[in-house]
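The values are calculated or read from the model by the stated rules, or taken from the named source; none is laboratory data. Predicted model, so just to flag it, every value in this text is computed and none were measured. So basically every Cβ, Gly included, is an ideal-geometry build from the backbone, and we count neighbours across all protein chains shown.
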Amino acid sequence: MTPRDTTTGWSIIRQSLLDRRGPLTAGSVLLCLHQMCEVAVPILIGVIVDQAVDGGDLGALALWIGVLAGVFVALTTCYRLGARLGMNAALRQAHRLRMDAVRRILGPRRLRTDLRSGELLAVTGTDADETAALLRYLPQALGALAALAVCAVALLIIDVPLGLTVLFGVPLVLGLLQLSAPLLTRQTLDQQTRIARATGAATDLIAGLRPLRGIGAEDAAAQRYSAASRHALTAMRRTSAGQGAFMGAAIGVSAILAVAVATGAGWFALEGRISIGELITVLGLAQFFLEPLAMLSLLPGKAATARASAQRLALITDAEFAKPAGVSRLGPGPHGVEFRNVEYASLHGLSMIAKPGDCLGVVVTDQIDGTSIIDLLAGSATPHRGDVWVSDIPAAAADLTELPRALLVQPHLTDLFSGSLLHNVTTGAPAAAASDAAAALRAVAAADLIDSHPEGIDRMISDRGQSLSGGQRQRVALARALASDSSVLVLHDPTTSIDSVTERTVAAELYRRRHEGRSDHTTIVITSSPALLASADRVIFVDGGRVRGEGTHAELASADLRYREAVLR
């Protein structure tokens, strides 16, 4: 996927500069003062030689040394404060760019993008940092420009040809180096793209490691990642070679200019056109301006890197949303859910309703039907025909900021996060207390996770919950769903990794917490578990994408052979 508009990267950079214009302006002024003080050092040394050393005036020598010491104090202070402001601006802007991208990625409207999860991770990490790094460099570049300007003025005062050499030589050097900027941009963009692809391949490999082992496909997946990594390495080498050649040329040309100025000054000193102090000043300036000139010479490379990364960020910031912005308010609830003649994937005219307060079981003979129902309720898919309603509002028209709070869908495959057990349970309910999380865990028969560990509910969980068994991970995910206390809770096979005895306990606790003595919660469980179905108020049997029967679990089990085959173990 390539950027649709190459100017978009510059627009992100321009906005970043505007966002941080205050600290950048202050930092630029301070670094300009720092560089001016740096230029003043060889100038003052030349003045000291001419006015104090040459004449043997100890009073003047002490005075000028005091002035020189003051200049050193000023340049040190200005640099410390200016560099801090520039670094702070870059770090804060990188954080803002990262959070803006993450908000779009995780937003309820979902992005329409070809980037994989690993690539999105690389863009929000590396590319955000590289884009914002230009903000740290820009005040330094302005300071370098100020230093060269002061150098040129000082040399013009000492001798006009020397000053003109700098005045015309510096723009010529920078202009020639700027010609390489488009090539550096293309190389950096290709490098960042290939790194993101390698990151995406690595993420896919780690996420699917267990299934890959199950089918013996680890070698094929590893070869796929290895190929992506080699392509990234080739791109990085190409970019590094280009940037190295650029830096070598910049330093070489700058050195030639400095040698030309120093040689001219030596010749003029031999002719008596400039004094010994002025010669010392010119030699000091010629040696000094190599640094600011090299700093400015790096500007095309820095800008190319920032632009390439900003264009990668634009793939997220400019990506279209997959879902329209809903405007209809759902209200506090209670809510129900209704499928009205829905056609999607394997569903053929599916019509069913879960009224407010219902505990509804759904049995499907084809797992694709269950996945399709989950996708529609989660909003990751849109019906080809018909509508899914939440209360009296089509789900597609509901306010997307309210819909996740009113309707929580937990698919069969869920992830846990690295962090504490408490954090994992309260992720969907930040206001929940530790006691609420503990109660949810006990409700799903996961009290052993608290009681068997010295840190209790604060025990740490590894990434994706790998430190837990499959059944423990499933129970923690179910506890997280219960702790959210959502008006409508949809579960898909929530107990497949739990033994039958524990499953009956979980089914009873699930009903008790959400429905016993209350009618403000609606629960839909897509499952073939007899324990969960027996605790439901009603069960809907879906066969061939349509509703085949409806009733209690006992009624359907006694009357429908297909149902018995689907659920009885």
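Structure data summary
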quantity	calculated
Every residue from the stretch 511-534 that is touching a Leu at 6+ places or on another chain (Cβ under 9 Å), farther than 12 Å from Asp358 by Cβ and not hydroxyl-bearing (Ser, Thr, Tyr)	Arg513, Ile526, Pro530, Leu532, Leu533
Residue match in the stretch 289-304 (condition: more than 35 Å from the chain's Cα centre (by Cα) and closer than 30 Å to Ile157 by Cβ)	yes
Members of the stretch 483-509 that are in contact with a Ser or Thr (Cβ under 7 Å, 6 or more places away or on another chain) and either closer than 11 Å to Ala445 by Cα or of a type in the set (Gly, Ala, Ser) (or both)	Ala483, Ser487, Glu503, Val506, Ala507, Ala508
Test: residue in the stretch 338-354 that is of a type outside the set (Val, Ile, Thr) and at pLDDT below 85	no
Helices (runs of 4 or more DSSP H) completely within the stretch 176-272 that count 1 or more residues being within 30 Å of Glu291 (Cβ to Cβ) and either at pLDDT 70 or above or touching a helix residue (DSSP H, G or I) at 6+ places or on another chain (Cβ under 7 Å) (or both)	181-207, 218-271
Test result for Tyr511, crowded, with 23+ Cβ neighbours inside 10 Å and not in a strand (DSSP E or B)	no
Residues of the stretch 491-502 that turn out to be closer than 11 Å to Thr527 by Cα and crowded, with 22+ Cβ neighbours inside 10 Å, as a count	4
Residues satisfying the stated conditions in the stretch 344-382, i.e. in a loop (DSSP other than H, G, I, E, B) and over 25 Å from Ala534 (Cα atoms)	Ala345, Ser346, Gly379, Ser380, Ala381, Thr382
Unique residue being at pLDDT 85 or above and over 29 Å from the mean Cα position of the chain (by Cα) when the list is Ala483, Ala446	Ala446
Tally, over the stretch 59-90, of residues that are under 30 Å from Asp129 (Cα atoms) and surrounded by 15 or more Cβ atoms within 10 Å (Cβ to Cβ)	12
Residue check for Leu120: surrounded by 21 or more Cβ atoms within 10 Å (Cβ to Cβ), assigned to a helix (DSSP H, G or I) and not acidic (Asp, Glu)	yes
Cross-chain or 6+ apart pairs with Cβ under 8 Å, the stretch 306-328 first and farther than 13 Å from Ile13 by Cβ and β-branched (Val, Ile, Thr), then at pLDDT below 85 and part of a loop (DSSP other than H, G, I, E, B)	Ile316/Thr113; Ile316/Leu115; Val327/Asp399
